[in-house]
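Undergrad: Please see the structure below; I have some questions.
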Ligand code: BES
Ligand code: MN
Ligand code: MN
């Protein structure tokens with residue numbers, strides 16, 4: 001199977017087809033884009049059909065549709081279930097983009113001499129999901145599809161996959177599989193292929209602090225009445241101690257502690273602290289005492305304010321004590337921490353630290369459990385062999401700090417392992433202005449995926 005040649009011969013078309021998909025603003029969070037979400041689902045279905053899916057279907061949900069496709073060649077052969085998402089994050093702030101987010105352009109950069117595609121969703125996850133569609137086309141056209149394949153491409157990953165959980169329960173039989181394959185993560189660098197072996201869980205909450213029953217004159221009342229913004233910021237500051245450990249009682253109780261060997265193994269992964277600092281323009285790193293940067297952003301839990309507002313933020317000055325202050329807070333969780341439990345612990349603690357001069361309301365948003373893939377199973381081995389075939393060296397196992405909450409549920413529902421075979425780079429700026437995806441990365445992904453199918457089928461039988 002010469003996947004390199006097929007990719008080389010078809011790459012311009014692959015890129016143009018991806019660009020067509022990237023032009024659709026499929027922003028799941030914004031109800032204004034309902035039609036575009038449907039358009040994107042239809043384009044994905046069309047692409048699955050032309051790649052060789054013999055059966056496809058768009059399943060409407062209470063939110064955005066789920067696209068399904070399959071090519072079953074023999075009931076007795078293993079089945080790979082590909083998961084991905086066609087929805088994207090909102091592109092704002094728009095003025096920070098060098099080119100419009102839904103008008104894809106290819107630019108050459110030092111890191112990407114072969115070009116990179118700039119558009120919202122280019123890496124997360126349209127570009128990476130599309131690698132699987134084109135890999136299927138390759139295997140079908142080259143007569144090299146060794147097993148059955150199913151695709152489940154959702155439109156609500158960026159808003160918490162709320163309708164996917166009931167869907168996988170309702171269609172458990174249709175979705176039955178031997179392994180789940182996802183490209184929605186990254187690799188260390190172009191020279192250091194890696195396979196993501198862990199994802200963090202998530203608990204996302206919103207808090208509201210209420211003081212007086214109306215906005216007040218800050219001269220007439222200031223000093224005598226609790227200012228909800230002052231109180232909120234103080235409460236938030238108290239959630240971390242001087243060692244940057246989270247102060248919520250019970251928060252660390254179930255955190256998985258890695259052995260010294262496991263930590264030493266992790267530390268072998270190439271990492272350049274100076275480059276890390278330079279690449280995001282910071283003077284120094286920050287985090288929990290006793291842990292390295294790579295540990296802090298993968299095997300340790302976090303608590304971060306994602307947004308905070310209240311009071312007067314318009315032009316000029318207004319002397320006011322606002323009635324309310326708000327914040328959105330996310331906690332990244334690690335194996336064994338249960339997100340529902342953590343949400344409860346947060347709520348109880350946050351309410352308990354509020355002075356009686358204000359009232360607080362905690363509203364949970366969404367969440368999910370973390371996930372770890374074993375590296376001694378045939379699933380990981382197949383992925384590593386695929387990497388070896390294409391990159392000429394073994395993959396580095398890598399725990400990621402990001403979350404794909406539905407992954408833990410896959411394992412519960414199907415009892416199969418998930419392989420996170422990502423081709424993005426940290427510098428791709430996912431969720432940020434100027435998101436891009438290297439053409440090299442995109443094509444390497446298409447080239448590598450068929451090797452996974454081949455090795456998985458061999459190891460399984
Ligand atoms: N693809 C990302 C997750 C990711 C990126 C994991 C890179 C590992 C490496 C996914 O689309 C995402 O953004 N997930 C959200 C969670 C979701 C509930 C909004 C996240 O991690 O913030
Ligand atoms: Mn994603
Ligand atoms: Mn994302």
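FYI, it's all coordinate maths here, none of it is from the lab. Since we're looking at a predicted model, the values are computed, not measured. Note that each Cβ is placed from the backbone with ideal geometry, even for glycine, and that neighbours are counted across all protein chains shown.
Undergrad: Hey, could you grab the Kirkwood Rh for the stretch 1-131? Inverse mean 1/r over distinct alpha carbon pairs, Å, one decimal.
TA: 16.3 Å
Undergrad: To the nearest 0.05, what FRET efficiency results for residue 305 and residue 144 with a Förster distance of 51 Å applied to their C-beta separation?
TA: My answer for the efficiency is 0.55.
Undergrad: To continue, here is another question. Do you know the relative contact order of the stretch 78-141, to the nearest whole percent, from alpha carbon pairs under 8 angstrom that are 6+ apart?
TA: Reported relative contact order: 36 percent.
Undergrad: Binning at 10 Å from 0, report for the stretch 90-158 what percent of all alpha-carbon pair distances ends up in each bin.
TA: 16, 36, 30, 15, 3
Undergrad: How far is helix 34-51 tilted off the main Cα axis of the chain, in degrees rounded to 10, range 0 to 90?
TA: 20 degrees
Undergrad: I would also like to ask the following. Would you please state the base-10 log of I(q)/I(0) at q = 0.09, 0.11, 0.16, 0.18 1/Å for the stretch 75-209, with intensities from the Debye formula using one equal scatterer on every alpha carbon?
TA: These q points yield log10 I(q)/I(0) values of -0.38, -0.56, -1.10, -1.29.
Undergrad: Take the alpha carbon atoms of the stretch 156-272, find their radius of gyration, then divide it by 2.2 N^0.38 Å using N residues; give the quotient. It would help to have the intermediate numbers written out before the result.
TA: Working: Rg = 23.1 Å, N = 117, 2.2 N^0.38 = 13.4 Å.
Against the compact-globule rule of thumb, the ratio is 1.72.
Undergrad: Would you mind getting me the FRET efficiency between residue 291 and residue 171? Use the beta-carbon distance for r and R0 = 35 Å, nearest 0.05.
TA: It comes to 0.30.
Undergrad: Now a separate question. Give me the orientation-averaged projected area of the Cα convex hull of the stretch 265-423, in nm², one decimal.
TA: 14.4 nm²
Undergrad: Report, to the nearest 10°, how far helix 228-237 tilts away from the longest principal axis of the Cα atoms in the chain, using its own Cα long axis and a range of 0 to 90°.
TA: Once rounded, one gets 60 degrees.
Undergrad: Over the stretch 309-455, what relative contact order in percent results from Cα pairs under 8 Å that are six or more residues apart?
TA: 20 percent
Undergrad: Next question, about the same structure. Gain in length, residue 34 to residue 378, computed as 0.36 nm per residue apart minus the alpha-carbon separation, to one decimal in nm?
TA: Details: separation 344, 0.36 × 344 = 123.84 nm, distance 4.05 nm.
Gain on extension, residue 34 to residue 378, equals 119.8 nm.
Undergrad: Now for a different question. Taking Cα pairs under 8 Å and at least six residues apart, what relative contact order does the chain come out at, in percent?
TA: 25 percent
Undergrad: Could you give me the radius of gyration and the Dmax of the stretch 277-331, taking only the C-alpha atoms into account and expressing both in angstrom?
TA: Radius of gyration, then largest Cα-Cα span, for the stretch 277-331: 16.9, 44 Å.
Undergrad: Now for a separate question. Run lengths n ≥ 4 of DSSP H only: what is the helix-derived mean residue ellipticity at 222 nm for the chain, with -39500 (n - 2.57) per run over all residues, to the nearest 500?
TA: Result for the chain, helices only: -10000 deg cm²/dmol.
Undergrad: Also, quick follow-up: Would you mind calculating the gained length between residue 459 and residue 353 on full extension (0.36 nm times residue separation, minus the Cα-Cα distance), in nm to one decimal?
TA: Details: separation 106, 0.36 × 106 = 38.16 nm, distance 5.47 nm.
Here the answer is 32.7 nm.
Undergrad: Evaluate E = 1/(1 + (r/R0)^6) for residue 23 and residue 57, where r is the Cβ-Cβ distance and R0 equals 30 Å; express this FRET efficiency to the nearest 0.05.
TA: 0.80
Undergrad: Looking at the chain, send over the antiparallel percent of its DSSP beta bridges, to the nearest 5.
TA: Antiparallel bridges make up about 70 percent of those DSSP assigns within the chain.
Undergrad: In whole angstrom, note down how far apart the Cα centers of the stretch 393-434 and the stretch 1-71 are.
TA: Cα centroid to Cα centroid, the span is 20 Å.
Undergrad: On to the next question. Need one number: nm distance between label points at residue 46 and residue 415, each 7 Å from Cα along Cα→Cβ, rounded to one decimal.
TA: About 4.1 nm, to one decimal.
Undergrad: Calculate how steeply helix 126-141 sits against the longest principal axis of the alpha-carbon atoms of the chain, using the helix alpha-carbon long axis, and give the answer as 0 to 90 degrees to the nearest 10.
TA: 10 degrees
Undergrad: A further question on this structure: What is the spread of the Cα atoms of the stretch 8-69 along each of their three principal axes, largest first, in whole Å?
TA: Computed over the stretch 8-69, the largest-to-smallest principal extents equal 40, 26, 12 Å.
Undergrad: Under the 0.36 nm per residue contour assumption, what length would be gained going from the current alpha-carbon distance of residue 77 and residue 2 to full extension?
TA: 24.8 nm
Undergrad: Provide the descending list of Cα extents for the chain along its principal axes, expressed in whole angstroms.
TA: 79, 50, 48
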